[in-house]
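The values are calculated or read from the model by the stated rules, or taken from the named source; none is laboratory data. This is a predicted model, so every value here is computed, not measured. Neighbour counts run over all protein chains shown; Cβ positions are idealised from the backbone, glycine included. The accessibility values were calculated without ligands, DNA or RNA, using every heavy atom of the protein model including side chains. Shrake-Rupley method; radii C 1.70, N 1.55, O 1.52, S 1.80 Å.
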Amino acid sequence: MTTSDDTARATLLCRGFALEYTTLAWNVVGIVVLAVAAISARSVALAGFGLDSLIEIGASTVVIWELSGTGEARRRRALRLIGAGFALLAVYLLVQSTFVLATGFHPHHSTLGIVWTAVTAAVMFTLAAGKARTGAALDNPVLKTEGRVTLIDGLLAAAVLVGLVLNSTLGWWWADPLAGYVLVYYAVREVKEIFFGEH
């Protein structure tokens, strides 16, 4: 590699770290905001979205760890850890959505929850796009895979947002758990790709 290539790679690595630290910070703040919103609204969906933020924190930590080192073994281990995060997310979504539908649980209106999930969706989609581009430029499957975790986080935020809005405006309490089932599919697909696909 030339000096120019080294400089370009260092710049891309810096961008990768910046994207992951931003994701990490956003989700740490999000756990606090979601806890307050979930308790005040008695919302299972908001509480569950807080769990998703924990998974995203774990995935970002894994990528920061992987970007700090080298080696194929380290990369494979990092991918498996992210895959485990996707599996946890799929289980959580399946259990939460089934519980909410089975019990007919009706959360209260949550302005804080609506605002936070709307902003979070926009932020996560932006970060996911940045991770996909940076991961592709670095040829780093771990960063690209975690970018998909962030994309699913954005989709989940949008699904929770739609559920909260439909519950508040039309009383459609079941909209959020139904959206959760759709996201289970995406999470399971990522688990299969990580553990059984070719990298």
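Considering only residues that are at pLDDT 90 or above and open to solvent by less than 10 Å² (accessible area, probe 1.4 Å), which ones fall in the stretch 131-142?
Residues satisfying the conditions are Lys131, Thr134, Gly135.
If a residue has to be open to solvent by 70 Å² or more (accessible area, probe 1.4 Å), among the β-branched types (Val, Ile, Thr) and more than 22 Å from Val63 (Cβ to Cβ) to count, how many in the stretch 8-45 make the cut?
The qualifying residues number 3.
Quick grid of which residues meet (1) over 15 Å from the mean Cα position of the chain (by Cα); (2) closer than 23 Å to Asn27 by Cβ; (3) part of a helix (DSSP H, G or I):
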| position | (1), (2), (3) |
| --- | --- |
| Thr61 | no, yes, yes |
| Trp65 | yes, yes, yes |
| Arg80 | yes, yes, yes |
| Gly83 | no, yes, yes |
| Tyr92 | no, yes, yes |
| Val95 | yes, yes, yes |
| Phe99 | yes, no, yes |
| Ala102 | yes, no, yes |
| Gly113 | yes, yes, yes |
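Kindly establish whether Ser97 is among the polar types (S, T, N, Q) and open to solvent by 30 Å² or more (accessible area, probe 1.4 Å).
Criteria not met by Ser97.
Before we move on, is Ala84 surrounded by 14 or more Cβ atoms within 10 Å (Cβ to Cβ) and free of Cβ contacts under 8 Å to residues at least 12 places away in the same chain?
yes
Being small (Gly, Ala, Ser) and open to solvent by less than 10 Å² (accessible area, probe 1.4 Å) is the filter; apply it to the stretch 144-199 and report the residue that is modelled with the lowest pLDDT.
Gly180
Considering only residues of the stretch 62-75 that are touching a residue at least 40 places away in the same chain (Cβ under 8 Å) and open to solvent by 10 Å² or more (accessible area, probe 1.4 Å), which is farthest from Ile114 (Cα to Cα)?
Among those residues, the one meeting the criterion is Arg75.
Would you check if Ser110 is under 23 Å from Leu178 (Cα atoms), in contact with a Phe, Trp or Tyr (Cβ under 6 Å, 6 or more places away or on another chain) and not charged (D, E, K, R)?
no
May I ask you to verify whether Thr23 is closer than 30 Å to Asp139 by Cβ, under 13 Å from the mean Cα position of the chain (by Cα) and not hydrophobic (A, V, I, L, M, F, W, C)?
Yes, satisfied.
Does Ile39 qualify as being in a helix (DSSP H, G or I) and within 17 Å of Val184 (Cβ to Cβ)? Write out each step before concluding.
Numbers: in a helix (DSSP H, G or I): yes; within 17 Å of Val184 (Cβ to Cβ): no.
In short, no.
Let's see how each residue does on (1) touching a residue at least 12 places away in the same chain (Cβ under 8 Å); (2) in a helix (DSSP H, G or I); (3) among the hydrophobic types (A, V, I, L, M, F, W, C); (4) out of contact with any strand residue (DSSP E or B) (no Cβ under 9 Å at 6 or more places or on another chain):
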residue	(1), (2), (3), (4)
Ala18	no, yes, yes, yes
Trp26	yes, yes, yes, yes
Leu46	yes, yes, yes, yes
Gly50	yes, yes, no, yes
